[in-house]
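Values quoted throughout were computed directly from the atomic coordinates according to the rules given, and no laboratory measurement underlies them. This is a predicted model, so every value here is computed, not measured. Note that we place each Cβ from the backbone using ideal geometry, even for glycine, and neighbour counts take in every protein chain shown.
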Amino acid sequence: MQTPRTLYCITSLALLSIATPALAGKANDTLVYASDSEPENVSPYHNNLREGVILAHLAWDTLIYRNPQTNEYEPRLATEWEWADDKTLDLVLREGVTFHNGEAFNADDVAFTFNYAVSPESRVVTRQNVDWIESVEKLDEYEVRIHLKEPFPAALEYLSGPMPIYPDEYFQEVGIEGFSREPVGTGPYRITNVRPGDGVSLTRFDDYFADSPIGQPEIANIEFKAIADADSRMAQLMSGQVDWIWRVPSDQAESLSGMSQLSVLGGETMRVGYIGLDAATREDSPLNDLRVRQAINHAMNREGLANDLVRGGSQPLYAPCFPTQFGCETQDVIEYEYDPDKARELLAEAGYADGFDIDLHAYRERDYAEAMIGDLRAVGINANLRFMTSPALLELQRNGQTDMSFKAWGSFSINDVSAFVSVYFTGGIDDLWQDTQVQEWLQVADTSVDPDVRLEHYQKAFARISEQAYWAPLFSYSTYYAHTADLEFTAYPDELPRFYEASWK
């Protein structure tokens, strides 16, 4: 059913589309896509936004490729790999590959990239993606050996995802500041222009290696535009200035699906929305009381959030992981039912019968955050929204200056819970609880080569996180994509738009 706001928005956009000339699309062989956020730094190791992940997969290659259709690992920059022992992985590299600046790809690039990424001076934001590596050794011009700190059964999954390869000579010449302005990779597209606050331009790399498992891209140019306002993104889609947008609200997606010039598709993704109870370790915070944290969990109407706001296949979740990830499918945690009376009862027991004031920080989906605030206020918790950018929120969290935070995590599309629960509960900079028992269990689970041992210890960790109500996991995300009808585009559950597969009809 179309709401008055939806009808107003769609009508206004339709009028705008008549008045504005098309600037993108098939005629110019330029795919223009827009999103609400932009990475603080286009270097894949120096941002943790999904927009940065998309750019990384366009401009850089990884050693290994995971086929999204079969989930099988295939050769990419590495043609062969073999475990010498539980902590040593040998790889044979592909010959004849060049970077966008003409530099030849070889073992020096792999060794430099990973050794740099794990070094303290790298200032890598996504350190959890590389911290399993002790060092990388060059064996020959096209052979490397990766030394692991501990056995890490998810190594191939990480090497196929968030670990692209940089050109060692160029990077060492220009440094991270120069690299962020003029990045270089081996990927199917080369970045030609980085415009902070506006977007990124990419052009097809005509010398992309012929045996790549992703094939050769058909579309010549790609433009990323950062457009913070949702209605503005819709307007530019309708007017032909943008070819593709995502995170379209469900009510607007339904309306757009009836328009012949557009295509709409969507479904559940691996991304999970949650409230982190950040202030609970501070003695002066109400969240330091377990009963208050349990009350917050009972106050959240997960079914309502999933079915009425997110929609599109979203489901309520109760553990910090996505159900398809290894280690999550067997999790057995407390399912905090939506029970405002129980929440009020717990608050009274904790000495907060009259409630309390607290801040809820967020950087995305303001309407979701406002719905959560409504649930909290219904049980007496007066939550005030503090809306900001993702980097600003992350800095506040890491400095211990947030109370509660509504955030989302997509695991970098890694189908293993080490990419989720272990990011936030293994003692790192983003572990706000520092529960040593949870850390010990996760350490065993992350490093054991026995799947049964991994499952057992992940289960213990999940159970304690749930019992202590360290978080309030809420729902899985669904993503609606809207794009011009003459664009052939395939969506995947891992929330990674593979624009190198796209083509014009």
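For residue 135, the amide hydrogen comes within under 5 Å of the amide hydrogens of 147, counting only partners 5 or more places away or on other chains and with H modelled in the peptide plane.
Note on the chain: helix-only mean residue ellipticity at 222 nm, from DSSP H runs of 4+ residues weighted -39500 (n - 2.57) and normalised by residue number, equals -9000 deg cm²/dmol.
For every other residue with a beta carbon closer than 13 angstrom to the beta carbon of residue 418, add +1 if it is Lys or Arg and -1 if Asp or Glu, then tell me the sum. Spell out each step's value before the answer.
Values: positive: 454; negative: 131, 150, 157, 416, 446.
Neighbourhood net charge equals -4.
Rounded to the nearest Hz, the phi-derived 3J(HN,Hα) couplings of the stretch 236-245 under the Karplus curve 6.51 cos²θ - 1.76 cosθ + 1.60 (θ = phi - 60°) are 6, 5, 5, 8, x, 7, 10, 9, 8, 9, where x marks glycine and proline. Counting neighbouring beta carbons within 10 Å and listing from fewest to most, the residues 484, 186, 30 come out as 30, 484, 186.
Taken over the alpha carbons of the stretch 187-317 as equal point scatterers, the Debye sum produces base-10 log I(q)/I(0) values at 0.16, 0.19 Å⁻¹ of -1.02, -1.14.
Can you tell me the mean projection area, over all orientations, of the convex hull of the stretch 405-479's alpha carbons? Units nm², please. Its average projected convex-hull area is 5.4 nm². A Förster distance of 35 Å, applied to the separation of the beta-carbon atoms of residue 134 and residue 281, puts the FRET efficiency at 0.70. Take the stretch 64-170, drop everything but the C-alpha atoms, weight them equally and run the Debye formula without solvent; then report log10 I(q)/I(0) at 0.15, 0.22 Å⁻¹ to two decimals. The computed values of log10 I(q)/I(0) come out as -0.61, -1.35.
Coupling constants for the stretch 90-97 follow from the phi torsions by the Karplus curve (6.51 cos²θ - 1.76 cosθ + 1.60, θ = phi - 60°), and in residue order they are 9, 9, 9, 9, 6, 8, x, 9 Hz; glycine and proline get x.
In the stretch 160-234, one over the average inverse separation of all distinct C-alpha pairs is 14.3 Å, which is the Kirkwood hydrodynamic radius.
What do you get for GluC sites (Glu not before Pro) in the stretch 369-478 restricted to DSSP loop and a cutoff of at most 16 other Cβ within 10 Å of the site's Cβ? Walk me through the numbers before you get to the answer.
Working: sites: 370, 395, 440, 456, 467; in loops: none.
Sparse-neighbourhood loop GluC sites (Glu not before Pro): none present.
Using Cβ counts within 10 Å as a stand-in for footprinting exposure, how do 246, 504 rank, fewest first?
So the ranking, lowest neighbour count to highest, is 504, 246.
For the chain, the Kirkwood estimate of the hydrodynamic radius, built from every pair of different alpha carbons, is 23.9 Å. With the cut-off at 29 Å, tell me which of the pairs 149/225; 138/407; 342/460 have Cα atoms farther apart than that. 149/225; 138/407, as the Cα separations exceed 29 Å there. Taking every Cα-Cα distance in the stretch 280-411 and sorting them into 10 Å bins from zero, the calculated P(r) comes out as 12, 38, 39, 11, 0 percent.
With a ≥ b ≥ c taken as the square roots of the eigenvalues of the C-alpha gyration tensor of the stretch 378-505, please select rounded if a/c is under 1.5 and otherwise prolate if a/b is larger than b/c or oblate if it is not? The shape class here is oblate.
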